[in-house]
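Below: the structure, in structure tokens.
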Amino acid sequence: MFIKSTELSEQLNNVVDIYNRIKGASKKHHGRESIRSLYDSFDIGRPEDKHICLVHPALFESISAFLPRNPIQRLPAQVLAVVLQRVFWALDIYI
């Protein structure tokens, strides 16, 4: 199924509204820690075709937080391969 970018933008606007409502809710709510927060949102693209980007906290811990828990104090080859692949994909966007 193909969704037009304008329809997707409308859906993401609704998502941003929901995140903002959650942000304004009680900090004492017992389910608060189970919801991923939204740091920010911004538009990219041309005026006739813009896209909303949502900025969330990372889903996984950082490499520097992972290393001390690893007995060999370095990344296993399989993990390093995935990390490097993601870094190269991210850099490819800007090249």
**Fill in**
Scanning region 61-95 residue by residue, those assigned to a helix (DSSP H, G or I) and either of a type in the set (Lys, Arg) or touching a residue at least 24 places away in the same chain (Cβ under 8 Å) (or both) turn out to be Arg69, Arg86
**Request:** Just name the residue that is most open to solvent (accessible area, probe 1.4 Å) out of those in region 24-73 that are of a type in the set (D, E, K, R) and within 15 Å of Asn13 (Cα to Cα).
**Result:** Lys50
**Residue list for region 7-62, filter: over 29 Å from Val82 (Cα atoms) and touching an Asp or Glu at 6+ places or on another chain (Cβ under 8 Å)** = Lys50
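Which residues, counting only those in region 11-25, are over 14 Å from Cys53 (Cα atoms) and in contact with a strand residue (DSSP E or B) (Cβ under 7 Å, 6 or more places away or on another chain)?
First, the residues of region 11-25 that are over 14 Å from Cys53 (Cα atoms): 18, 20-25.
The answer is none; no residue qualifies.
Does region 65-85 contain any residue that is aromatic (Phe, Trp, Tyr) and modelled with pLDDT of 85 or more?
no
The values are calculated or read from the model by the stated rules, or taken from the named source; none is laboratory data. Here the structure is a predicted model, which means the values were calculated and not measured. When we count neighbours, we look across all protein chains shown, and the Cβ atoms used for this are built from the backbone with ideal geometry, even at glycine. We work out accessible area using only protein heavy atoms, side chains counted, and drop any ligands, DNA or RNA first. Shrake-Rupley method; radii C 1.70, N 1.55, O 1.52, S 1.80 Å.
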